[in-house]
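A.B. asks: This is the structure I have questions about; it appears just below.
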Amino acid sequence: MPLPSGGNWPPKPLADIYAQYEVLDAWYRGDADQLTTIYRSQADKTRPANRPSQYRGGLLGAAARFWWGQPTPEGERRTKLHVPIASDLATMSSDLLFSEPPTMTVENPETQKRIEELVEEGLQATLLEGAEVGAALGGYYLRTVWDRDIAERPWLGTVHADAAVPEWRWGRLWAVTFWRIIEQDDKGKCLLHLERHEPGWIYNGLYRGNPGELGDQLPLTAHPETERLQPAIETGLKQATANYIPNMRPNRDWRRVPAGAPLGRSDFTGAVLGLMDAVDETWSSWMRDIRIGKGRLVVPKEYVQNLGPGQGGAFSLDREVYEAIDSALPGEGINITATQFAIRVQEHRDTQAELLSAILRATGYSAQSFGLSGDVAITATEVAAKERRSLVTRGKKALYTAPELASSVETLLQLDNKLFGSKIVPERPTIVFGDSVSPDLMQLAQTANLMRQAEAASDETLVRLLHQDWDETEIMAEVARIADQRPQPVPDPFALRPDPAEDPNAPPADGQDGPPGE
């Protein structure tokens, strides 16, 4: 299917999905100006009576109820503050999945070596980026790219969900068009690059239009960033050279929308956005208490120094002596009154803690993972027990990630073979995710010691237990060293000796030089 000749971009059926991406992106970035702009504009849209957006549910219908959508009173400066919970959640999700690189294994040794080189070249960093953005936007894409001027072989790159237009068949990605704005002038005109991946082909196109509209198609040579690209590249593969990795499913917001049903679910959807909005409101209220809780002095106007006509007056807090002033009434002095309001620390702290606890429950994470249970040193077993909810969520995300990651690596190996003349045999790897909770070495050592005393495990089994990150060569070398350094058993002097008459080769008894008769 060729690239579009013009029209709206992204296509109109995806308009609501991209509007949601914009909101999720604002929370992920933590941009207070963007949050204010988005929720104010959406609140204005929902204010007139009987607008369709009021009945949609989701983000647009609830925008008017958000604290970020409330206007700043006239004459006051904006004092709204943002707590970056969204970005912290996204980072935590990525760390749980890929803080340790996943193990990818195949049967062919040369293919295994190529996969290990792929990991060494930065695949883990690519996956960390994709998983973090995917937690915010609901998913991300992995595509195979190559440039012989940069690297001799292809590599995997990540594309964010709000820069792609997917096409689905039976809930699976069949084709996808990635897009980016290369440059934009002051008049709003921009250059857009479209890159379409479908089975067997990759297409490139350059357009001059406006944000939201493709405009006229230009030759790729019209801009330095696209002049080296080919309009059509035949890959020779039966599948597209891009894969979609969902954060989690189902997507509750779009499950009845054909264009959005296969998309992954963001960690921020549902009631989480409202709870994060309430956290920002609570935090801003707390800071407001601190601001208005500063001590104020109410002084008589006689104490205020006149700065001149139209300039007002000033009161010096550092001045120690004032001129004597006669009181207006006998027996009355001119007093200075101090005013200081209470700062509701405990109330705000409790509210903040309850809101954060509700957010973690809704997103499927434990307080321990979010760093809310202190820095007390505990064992790996206790960590796993306290982080069970987070580990369950991690396991769910791994189920969606593993097959698509395996497909992406297999596609890269196939392209490496077809386009770059590699002699490796393409295989689909088996993906095993690393343990996000490091084992407790003391506990492992105690376990190994008990197994040794019970004679229930061999040297090799114990070495594998204690050194789970070692390869086969290191394990066997350590087993050999243990065998060489093990002391030889000392003969028991009281052990029964064999009868020399029955065993001519038996050692002579004490006091004898040889067998009897010699």
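The values are calculated or read from the model by the stated rules, or taken from the named source; none is laboratory data. Note that the coordinates shown come from a computational prediction; the quantities given were computed from them, not determined experimentally. Glycine also receives a Cβ, built like all others from the backbone with ideal geometry; neighbour counts cover every protein chain displayed. SASA here: full protein model, heavy atoms, side chains in, ligands and nucleic acids out. Shrake-Rupley method; radii C 1.70, N 1.55, O 1.52, S 1.80 Å.
A.B. asks: Identify all residues within region 232-254 that are open to solvent by 90 Å² or more (accessible area, probe 1.4 Å) and in contact with a Phe, Trp or Tyr (Cβ under 8 Å, 6 or more places away or on another chain); write none if there are none.
C.D. replies: 234, the sole residue that qualifies.
A.B. asks: Related question: Out of (1) assigned to a loop (DSSP other than H, G, I, E, B); (2) open to solvent by 60 Å² or more (accessible area, probe 1.4 Å); (3) of a type outside the set (A, V, I, L, M, F, W, C), the odd one out for residue 446 is which?
C.D. replies: Failed condition: (1).
Yes/no per residue for (1) surrounded by 19 or more Cβ atoms within 10 Å (Cβ to Cβ); (2) of a type in the set (Phe, Trp, Tyr); (3) over 24 Å from the mean Cα position of the chain (by Cα):
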position: 166; (1), (2), (3): yes, no, no
position: 174; (1), (2), (3): no, yes, yes
position: 177; (1), (2), (3): yes, no, no
position: 183; (1), (2), (3): no, no, yes
position: 186; (1), (2), (3): no, no, yes
position: 195; (1), (2), (3): yes, no, yes
position: 200; (1), (2), (3): no, no, yes
position: 204; (1), (2), (3): no, no, yes
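A.B. asks: Related question: Yes or no: residue 218 more than 30 Å from residue 170 (Cβ to Cβ), open to solvent by 20 Å² or more (accessible area, probe 1.4 Å), in contact with a Leu (Cβ under 6 Å, 6 or more places away or on another chain) and among the hydrophobic types (A, V, I, L, M, F, W, C)?
C.D. replies: So residue 218 fits the description; yes.
A.B. asks: Exactly one condition in (1) surrounded by fewer than 16 Cβ atoms within 10 Å (Cβ to Cβ); (2) part of a loop (DSSP other than H, G, I, E, B); (3) in contact with a strand residue (DSSP E or B) (Cβ under 6 Å, 6 or more places away or on another chain); (4) hydrophobic (A, V, I, L, M, F, W, C) is not met by residue 257; state its number.
C.D. replies: Of everything listed in (1) surrounded by fewer than 16 Cβ atoms within 10 Å (Cβ to Cβ); (2) part of a loop (DSSP other than H, G, I, E, B); (3) in contact with a strand residue (DSSP E or B) (Cβ under 6 Å, 6 or more places away or on another chain); (4) hydrophobic (A, V, I, L, M, F, W, C), residue 257 misses just condition (3).
A.B. asks: Here's something else I'd like to know. Please go through region 351-385 and pick out each residue that is surrounded by 16 or more Cβ atoms within 10 Å (Cβ to Cβ) and modelled with pLDDT under 85.
C.D. replies: 367, 368, 369, 370, 380, 383, 384
A.B. asks: Here is a list: 125, 161. Which entry is loosely packed, with under 14 Cβ neighbours inside 10 Å and small (Gly, Ala, Ser)?
C.D. replies: Answer to the check: 125.
A.B. asks: I'm trying to understand the selection: among the residues of region 116-171, which are under 19 Å from residue 398 (Cβ atoms) and in a strand (DSSP E or B)?
C.D. replies: Within region 116-171, 139, 140, 141, 142, 156, 158 meet the criteria.
A.B. asks: Please state which of the following conditions residue 74 fails to meet, knowing it meets all the rest: (1) touching a Ser or Thr at 6+ places or on another chain (Cβ under 6 Å); (2) farther than 17 Å from residue 431 by Cα.
C.D. replies: (1)
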